[in-house]
Structures are given as C-alpha cells and as structure tokens.
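Readers should treat all values here as calculations from the given coordinates under stated rules, not as data from a laboratory. Predicted, not measured: the structure shown is a model, and the values here were computed from it. Cβ placement follows ideal geometry from the backbone for every residue including glycine, while neighbour counts extend to all protein chains displayed.
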C-alpha cells in the first residue's frame, strides 16, 4: 500500500497478513499462475490447501468488513487462481452456515456471478448466481469459453435446480473491488520501481516529467479507489459506487503501467498483462446501476 495503514489495522489482522504473505511468498508465484493457465491444476489444489490450513476463510467470514477488504487487497495483488479468489470472496458474501462449513473444510470451491455467465464455473463444485446456489454436477449444461484470464474461464451455466440462500451481494461487490485494487497497486509498485531503475540518456526515466506525471496520476487514482473502498467497508451503501470506481480506475492504472514500461510492457516477459486480464474479468461482474443522487 502506498499509504501506511499499519497505524489503523488490528493486531489480529497484522498477524494474518504476515502469515498469508509468508505462505504466498513460499508457495505461490506468477510462474505457477502461468502453469495453471496452461492447464496445471495441481498448483490450484496446493494453494487451496494452504488457504484452508491458515483458516483464512472463517476469518474473512467473521471479521470486520474493513479488515476483510484490506486482506483481499493483498490477495488481489498476488493473483491467486480464479476459483480460489472467488471462493475467498464467497466466504464473506454467503451467510448460510451449512455451505460455509463445507467451504471452511475445503470440501467445495465456489464460483460467483450475477448472471449465468460465470467466471471459473467449470472449476467450481458450487456456483453462486446472486442468491441462487447451484451444484455444478446437477447443471443441465455448462459451456466454457476462453476468457481474457484463463485461470477463470467464463462458463455459460444452464440449470433448473437451485437452492436459495442468504447472500450479501454488496459485500461480494466490495471484495471484488478490493481484489482489483490489489492488482492496480501491484502494477503501480512495478512502475515506480522500473522508473527508478531504467536509465535513459544518463538518467532514471522517472526523472522525466512525462513519466513522473503519469506515475503520480496513477498513484492518485489508486488512493482514490482505496479511499472509497475503505469508506464502503464502513458504510456498505457505497459498495456499488466503489465497484464502479474500481472498474474505471484500476484498468486505466494498469494500462498506464504498460506505457511506463515501454516496449517490454507489451510482452509476456513481465506480469502486468496478467493483472490487466484479471482486473478486466472481475470488472464484468457484480455491477449494479449507480444512481449518483443516492450519495448527494
């Protein structure tokens, strides 16, 4: 995070964040993510077991929404496999105890959407569409398409059998915003680092106004997005506004990061495109129409 939030987060959250960072540093990487994109499901199961072992899911279910938002920002920055990221969000949005207990135990993974076009639907045991819970094996048909982010391919789900459960869709939208924010922040950090290290005409490129102004504007967009996400964690009526702002600001920051990196920014050699693919995929779900008059 560009702004230091340590002064306002709880000791419990600090411990959870440190434990999760250590685990992800040792057990996960974008190299493994690329392997997952190529079809290696072993790494998905490995990191899922680590998430279950750390008891992240019950913590997310039962902690303050603000703590959960901050935790999901870290999760978003690390680009966990799509079905793992969606299951983590589902652990907060779902309020049904029976479903949650299966999730806590690692018995099911859950894909989430607000329509029958479901990211990671092909990898899920359960599919949540708004407040309708569907068992994947009971679906009439699931047609899966390649997507921008092929760790969460889009599936068209057709199913006549479902169960209505208690769900807080605003909280789901907010955690999607937080994970997108994590991707934006990670790319911004990459841009800051590169602009300090890349030398052109005898000086770091960050010393030139064109780059300097771009990076500063990106930092402002990230902190603007974070401020509304944190505000929504205190007042959930702002959740849809937070999602709308994240949809508009985060991809813009990531595209700007590609420009800062110049020619290499467009290649597969660095991870920026992975964050762009994830952010754009998450931006397509849970978007209620915003009536700005509600916030005036």
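Computed quantities for the displayed model
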read-out: Over the stretch 169-289, volume per residue of the alpha carbon convex hull, in Å³; value: 86 Å³
read-out: On Cα atoms only, tilt of 11-27 relative to the major axis of the chain in degrees; value: 80 degrees
read-out: Proxy reagent accessibility, fewest Cβ within 10 Å first, across 180, 190, 255, 152; value: 255, 190, 152, 180
read-out: Spin-label model distance (nm) - residue 137 vs residue 196, 7 Å beyond Cα toward Cβ; value: 5.2 nm
read-out: Segment residue 163-residue 150, extension gain: residue separation times 0.36 nm, minus the distance between their alpha carbons; value: 1.9 nm
read-out: Residue order, fewest to most beta carbons within 10 Å, for 199, 236, 228; value: 199, 236, 228
read-out: Mean Cβ neighbour count within 10 Å, used as a protection proxy, ranking 20-26, 241-247 highest first; value: 241-247, 20-26
read-out: The chain: most fluctuating residue of 157, 187, 69 per GNM, C-alpha cutoff 10 Å; value: 157
read-out: Antiparallel bridges, percent of DSSP beta bridges restricted to the chain (to nearest 5); value: 80 percent
read-out: Simple spin-label estimate for residue 98 and residue 223 in nanometres, 7 Å along Cα-Cβ; value: 4.9 nm
read-out: Rg/Rg_ref, the chain, where Rg_ref = 2.2 N^0.38 Å and atoms are Cα; value: 0.99
read-out: Fewest-first sequence of 273, 213 by Cβ atoms within 10 Å of each Cβ; value: 213, 273
read-out: Relative contact order computed over the stretch 169-289 (Cα-Cα under 8 Å; 6+ residues apart), in percent; value: 37 percent
read-out: Cα-projected label distance for residue 12 with residue 235, points at 7 Å along beta-carbon direction, nm; value: 2.6 nm
